[in-house]
Amino acid sequence: MAGPTSNVYLNALLWLTPVNPFKIDPISGETILTYSFVGPGTYAVFDPESTYDRVAATNWQTSASAGFWEQNAIASAFQAWSNVANISFAQTTDPASANFHIAVTNEAGMSSYFSGEKGVQAFTTLPNNYGPNYGVFASNYTPGWSVFNQQGYAWTQSGVTPGGDGYVTILHELGHLLGLDHPWNEKGWFTNPDGSPLYDANGKLVTEPYFPGANNASNTGQYGLNQGIFTVMSYNDGWKGQPAKTPNYGYEMTPMAFDIAAVQFLYGANMSYHTGDDTYTLPGVNEPGTGWSCIWDAGGDDTIQAPANESACTIDLRAAPLTGPNAGGDVSWVSGVQGGFTIAHGVTIENATGGNGADTIIGNDANNVITGGLGQDTMTGAGGSDTFVFASLLDSVVGKSHDVITDFVSGIDKIDLSKIDASLHQMLDWIGGAAFNGGLDELRFSGGLLQIDVNGDRKADFEVALANVTSLNRRDFLL
Ligand SMILES: [Ca+2]
Ligand SMILES: [Ca+2]
Ligand SMILES: [Ca+2]
Ligand SMILES: [Zn+2]
């Protein structure tokens with residue numbers, strides 16, 4: 001497969017722009033770009049496929065409360081891309097010097113019929129005219145160009161706020177400006193870095209790489225990876241099968257795992273982003289501002305936690321492997337909420353903290369601290385030396401509704417009962433595999449069940465199931 005990388009997903013996004021098309025600052029090593037918001041009378045785009053020959057830029061909208069809200073949303077989306085890659089953007093009022101020109105239009109043709117499509121939200125040229133474009137630009141064209149349809153779906157103040165569909169439209173178009181293509185098969189041909197068609201040894205055009213199985217825009221392809229939650233360059237926004245989206249929430253709020261890997265291939269990673277200890281709280285309510293984010297985090301001791309008052313969440317600490325069924329990342333989310341997190345390739349999130357509900361928590365190969373909290377929780381540490389924290393006797397009840405640890409390894413992982421022990425005045429008494437014998441605060445493990453009898457009635461008051469574990473040692477506990 002032709003492509004700049006050995007990864008089919010990255011090749012699909014990068015095929016038209018296989019190398020950084022811009023200048024790199026020789027001192028900082030950063031790619032520094034400028035953009036200009038252009039207005040009426042400055043530019044018009046000629047579209048050879050359209051019944052409407054020209055699209056003219058119109059005035060930018062303002063409101064008393066939010067000022068130039070379209071421009072502010074676009075600036076925010078530029079920032080979202082520079083958060084993950086070693087690239088920065090500055091606005092300039094001098095269009096002649098700008099790398100990118102950004103415009104809005106209320107041209108009726110955009111909504112009705114443009115460039116062979118109905119309901120076009122926006123369009124963009126790839127940098128330096130790489131590859132086939134949607135339009136041929138007027139003679140005063142030189143830089144990259146994005147134009148947004150003011151009559152498009154969700155092009156409202158709330159729709160262009162992160163979580164809304166208008167904001168995804170902006171992230172998507174700016175992704176094109178940075179060189180990313182759509183993930184599906186558009187039946188194009190591969191190009192050389194100079195934009196010329198690439199031929200194979202037999203003189204045949206080398207066809208474009210695309211996500212396996214995604215043979216058109218709406219086909220999510222093998223493993224369903226042509227979806228917004230995995231790449232904002234998809235047309236299948238959000239995460240299939242989840243609660244209905246509205247124009248104002250339920251969409252991607254950041255570049256997603258494939259996008260992050262692709263722009264980092266072109267420009268390098270932003271290694272100064274979120275280097276401290278960060279806590280990422282899952283969204284708990286379907287409301288404006290809720291959507292899907294991919295966590296890019298360059299260091300520190302980090303945690304994903306459940307929101308207050310959730311009934312069931314999944315927290316999955318595995319970073320996107322970029323290969324296999326979950327190539328685009330595993331999803332952390334509260335059941336029923338149209339938003340949550342994936343984790344970008346190369347990022348390590350160390351800790352997971354569940355909430356009051358019945359949570360499913362999955363660690364990664366790092367040493368994780370996993371806290372289920374109240375509710376019937378199922379916890380998996382995966383590789384590394386993991387610590388499972390129980391802070392209260394109420395965290396895991398006796399009987400079928402007890403918590404389960406699926407992969408505890410005696411001698412490597414730990415069970416942290418120190419807060420429970422403190423609540424019992426440091427009286428927890430490890431009695432190994434023996435039956436309760438009527439003492440206070442006895443701690444035992446037998447038959448796959450870890451149990452505590454607080455009051456000496458020989459009946460457990462706390463119980464955790466440890467799958468596939470036959471015996472434990474005193475040193476398996478933090479007391
Ligand atoms: Ca961090
Ligand atoms: Ca819980
Ligand atoms: Ca682990
Ligand atoms: Zn596009």
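Let a ≥ b ≥ c be the square roots of the eigenvalues of the Cα gyration tensor of the range 283-407; is it rounded (a/c under 1.5), or, if not, prolate (a/b larger than b/c) or oblate? Provide the component values of the computation, followed by the final result.
On the way: a/c = 1.86, a/b = 1.23, b/c = 1.51.
Oblate, because a/c is 1.5 or more while a/b does not exceed b/c.
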| Karplus (6.51, -1.76, 1.60) ³J(HN,Hα), θ = phi - 60°, over the range 418-429, in Hz, Gly and Pro reported as x | 5, 6, 5, 4, 4, 5, 9, 6, 6, 9, 4, 10
| Using modelled amide H (1.01 Å from N, peptide plane; none on Pro or chain starts), what sits under 5 Å from the amide H of TYR273, excluding residues fewer than 5 places away? | ALA298
| field | Amide hydrogen neighbours beyond the local backbone of ASP416, cut-off 5 Å, H modeled | value | PHE388, VAL389, PHE390, LEU478
| message | What's the ranking of 233-239, 3-9 by average number of surrounding C-beta atoms within 10 Å, highest first? | response | 233-239, 3-9
| message | With θ taken as phi - 60° and the coefficients 6.51, -1.76 and 1.60, list the Karplus ³J(HN,Hα) couplings across the range 473-479 in order, rounded to whole Hz; mark glycine and proline as x. | response | 10, 3, 6, 7, 10, 9, 10
| request: Give the percent of DSSP beta bridges with both residues in the chain that are antiparallel, rounded to the nearest 5. | output: 35
| task | Note down the nm distance, to one decimal, between modelled labels 7 Å out along Cα→Cβ at SER418 and at GLN91. | result | 4.9
| note | Phi-derived 3J(HN,Hα) across the range 15-27 with the Karplus relation (6.51, -1.76, 1.60, θ = phi - 60°), rounded Hz, x for Gly and Pro, is 5, 7, 9, x, 9, 4, x, 10, 7, 9, 4, x, 8
| remark: Given backbone amide H placed at 1.01 Å from N, residues whose amide H is under 5 Å from that of PHE123, ignoring those fewer than 5 places away on the same chain, are VAL147
| remark: Residues other than TYR210 with Cβ under 11 Å of its Cβ, Lys/Arg counted +1 and Asp/Glu -1, net out at -2
| query | Taking the Cα-to-Cβ direction at LEU449 and at THR275 and moving 7 Å from each Cα, how far apart do the two end points lie in nm? | reply | 5.1
| Set of lysines with alpha-carbon distance to LYS204 below 24 Å, sequence-local pairs under 8 removed | LYS187
| request: Please give the helix 165-177 orientation as an angle from the longest Cα principal axis of the chain, in degrees from 0 to 90, rounded to the nearest 10. | output: 60
| field | Shape call, the range 219-321: gyration tensor on alpha carbons, a/c limit 1.5 | value | oblate
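Apply the a/c threshold of 1.5 to the C-alpha gyration tensor of the chain and tell me whether it is rounded, prolate or oblate.
It comes out prolate by the Cα gyration axes.
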| query | Given labels modelled 7 Å from the Cα in the Cβ direction, how far is it in nm from GLU30 to THR470? | reply | 5.9
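Values quoted throughout were computed directly from the atomic coordinates according to the rules given, and no laboratory measurement underlies them. Keep in mind that what you see is a predicted model, and the values were worked out from it rather than measured. Virtual Cβ from ideal backbone geometry, glycine too; neighbours counted across all protein chains shown.
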